[in-house]
Amino acid sequence: MTEQRDNQVRSREYPDPHEMNKPVPPAVIAIVAGLLLWAVSYIVSTGRDDDPTLGDRRTVATLEGKVKGAVSTANGADLYAANCVACHQASGAGLAGAFPPLAGSEWVAGPDNILANILLHGITGRLTVRGATYNGAMPSFKDKFDDREIAAVLSHIRANFGNTAPQVSANVVQRERAASKARTTPWNGDDELAKLK
């Protein structure tokens, strides 16, 4: 009786679905094959000797946003936030034992030509700031910033974090860049920077 009832139940159910030997419909295979054939023929038939004057005429400077002859709208606060905050902090207090403070720094308040050289070429070795000695490295920004951008960053740090030194002009940065253009290494801390006075 039970076996007969099981057979009746099974006979009312649909069989389990299966793909057998045709899992993808032939129409889909034909469409994919056609698209692949078209793509290959397009690549093969496309001319590789196109006139280069028809291409993109933008220069690297244009793509970086530095159009030759354009007036720089450098914002010292924005440049500081994007490039200096990681080490010198948003407060300008630096990190004790690692990165010197800009707040109250004698280098920041000192001669603008020395400060311009620090940003242009970077520093390595022993540097004394507010009586504390730091022995780290600061990168050069001469290839990253133009003269106006460096002047904007320097003017920003000289007018903030409790500092009250006058602004730095782009002419000072330009003069220092030209005077030290042969330099390829960072300044060696206190020893070399002191000679710039």
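Can you name the condition, by its number, that LYS142 falls short on among (1) crowded, with 17+ Cβ neighbours inside 10 Å; (2) farther than 21 Å from ALA170 by Cα; (3) among the basic types (Lys, Arg)?
Single failed check for LYS142: (2).
Given (1) of a type outside the set (Ser, Thr, Tyr); (2) part of a helix (DSSP H, G or I); (3) over 21 Å from ALA74 (Cβ atoms), identify the lone condition not met by ALA103.
Condition not satisfied by ALA103: (2).
Return the residues of the stretch 68-99 that are exposed (fewer than 13 other Cβ atoms within 10 Å of the Cβ) and either more than 18 Å from the chain's Cα centre (by Cα) or at pLDDT below 85 (or both); say none if nothing qualifies.
LYS68, GLY69, ALA70, VAL71, THR73, ALA90, ALA96, GLY97, ALA98
Looking at the stretch 182-197, which of the residues that are in a loop (DSSP other than H, G, I, E, B) and at pLDDT 85 or above is farthest from ASN83 (Cα to Cα)?
The qualifying residue farthest from ASN83 (Cα to Cα) is ALA182.
May I ask you to verify whether ASP190 is surrounded by fewer than 19 Cβ atoms within 10 Å (Cβ to Cβ) and touching a strand residue (DSSP E or B) at 6+ places or on another chain (Cβ under 6 Å)?
yes
What about GLY122, is it of a type in the set (Gly, Ala, Ser) and in contact with a Lys or Arg (Cβ under 9 Å, 6 or more places away or on another chain)?
Yes.
State whether one or more residues within the stretch 111-127 are at pLDDT 90 or above, under 26 Å from the mean Cα position of the chain (by Cα), surrounded by fewer than 20 Cβ atoms within 10 Å (Cβ to Cβ) and assigned to a helix (DSSP H, G or I).
Within the stretch 111-127, not a single residue is at pLDDT 90 or above, under 26 Å from the mean Cα position of the chain (by Cα), surrounded by fewer than 20 Cβ atoms within 10 Å (Cβ to Cβ) and assigned to a helix (DSSP H, G or I).
Looking for something in a helix (DSSP H, G or I) and farther than 18 Å from GLY76 by Cβ - is there at least one such residue anywhere in the stretch 160-177?
Within the stretch 160-177, one or more residues are in a helix (DSSP H, G or I) and farther than 18 Å from GLY76 by Cβ.
Out of the residues in the stretch 173-190 meeting the condition of being touching a Lys or Arg at 6+ places or on another chain (Cβ under 8 Å) and among the charged types (D, E, K, R), tell me which one is nearest to ILE123 (Cα to Cα).
ASP190
The values are calculated or read from the model by the stated rules, or taken from the named source; none is laboratory data. Bear in mind the structure is a predicted one, so any value in this text is a computation, not a measurement. So basically every Cβ, Gly included, is an ideal-geometry build from the backbone, and we count neighbours across all protein chains shown.
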